[in-house]
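This report refers to the structure that appears directly beneath it.
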Amino acid sequence: LLFFLSLLAKEVGLFYPVLVFLTLFWLERGTIRQRLLVAGKGMVPFAAAAVLFFFLRLSVLGQFVTAKGWVVSNASLLLTQPSLLFFYLRQSLLPIRLGPSYAVRAVTPENLGVANFVLPLVSVLLLVILIGVLLTSLRKSEPVAARQIGLGLTFFLVFLLPVLSFRYFIPEHIVHDR
């Protein structure tokens, strides 16, 4: 009931069943099949409430998304991902510059460059490689800690998913301190 009510306040709560599944899967012991079964059973009530919310919203509004997005090509959506990931990683790890708006704009094939695509892409890839190496070495010495850190990183990425599709944001405000 509380989960369903939370959906009325913030639709990003639709990701909660995914988080329940991932938490139970990552922290459960046993074979992959056993872990999938436990995680699936634990997720069912939340997924059912999310599906009910989805259909109720659809019946009331007539559509799931109410805002009209600006026209963004799939190429631009894909090319902008490194800049978005770099921005949110930087703000999470080193939140020195906070403000009402930022200069991050959609990357198009026409404005593709080193500063808005190559540097963010290389930075994100280097961070992913570093985290992978650290988790691999930690997994050998502290497997429980490695699983917990992996779960935390997964949560971080799951909560970033909604903002990576920026079609429904104002073009000058595709990133924010959310």
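The values are calculated or read from the model by the stated rules, or taken from the named source; none is laboratory data. Computed from a predicted structure; not experimentally measured. So basically every Cβ, Gly included, is an ideal-geometry build from the backbone, and we count neighbours across all protein chains shown. Heavy atoms of the whole protein, side chains included, go into the accessibility calculation; ligands, DNA and RNA do not. Shrake-Rupley method; radii C 1.70, N 1.55, O 1.52, S 1.80 Å.
Structure above, values below:
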{"read-out": "Set LEU93, LEU61: member being out of contact with any Phe, Trp or Tyr (no Cβ under 8 Å at 6 or more places or on another chain), under 30 Å from PHE4 (Cα atoms) and free of Cβ contacts under 8 Å to residues at least 12 places away in the same chain", "value": "LEU61"}
{"read-out": "Verdict on SER92 being within 27 Å of LYS10 (Cβ to Cβ) and either of a type in the set (Val, Ile, Thr) or more than 20 Å from the chain's Cα centre (by Cα) (or both)", "value": "no"}
{"read-out": "Helices (runs of 4 or more DSSP H) lying entirely in region 63-178 (those with 1 or more residues that are over 28 Å from TRP26 (Cα atoms) and open to solvent by 40 Å² or more (accessible area, probe 1.4 Å))", "value": "74-93, 119-141"}
{"read-out": "Members of region 23-51 that are at pLDDT below 90 and either closer than 22 Å to PRO162 by Cα or part of a helix (DSSP H, G or I) (or both)", "value": "TRP26, LEU27"}
{"read-out": "Region 146-169: number of residues that are of a type in the set (A, V, I, L, M) and touching a residue at least 60 places away in the same chain (Cβ under 8 Å)", "value": "6"}
{"read-out": "Qualifying positions in region 96-106 - in contact (Cβ under 8 Å) with a residue 60 or more places away in the chain and under 24 Å from LEU153 (Cβ atoms)", "value": "LEU98, TYR102, VAL104"}
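Here is a yes/no grid of residues against (1) touching a His at 6+ places or on another chain (Cβ under 9 Å); (2) under 18 Å from HIS173 (Cβ atoms):
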| site | (1), (2) |
| --- | --- |
| LEU79 | no, no |
| PHE87 | no, yes |
| SER101 | yes, yes |
| ARG105 | no, yes |
| VAL124 | no, no |
| ILE129 | no, no |
| LEU135 | no, no |
| ARG139 | no, no |
| VAL144 | no, no |
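Yes/no matrix, rows are residues, columns are (1) of a type outside the set (Val, Ile, Thr); (2) in contact with a strand residue (DSSP E or B) (Cβ under 6 Å, 6 or more places away or on another chain); (3) open to solvent by 60 Å² or more (accessible area, probe 1.4 Å):
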site: GLU11; (1), (2), (3): yes, no, yes
site: TYR16; (1), (2), (3): yes, no, yes
site: LEU19; (1), (2), (3): yes, no, no
site: GLU28; (1), (2), (3): yes, no, yes
site: ILE32; (1), (2), (3): no, no, yes
site: VAL38; (1), (2), (3): no, no, no
site: MET43; (1), (2), (3): yes, no, no
site: ALA47; (1), (2), (3): yes, no, no
site: VAL51; (1), (2), (3): no, no, yes
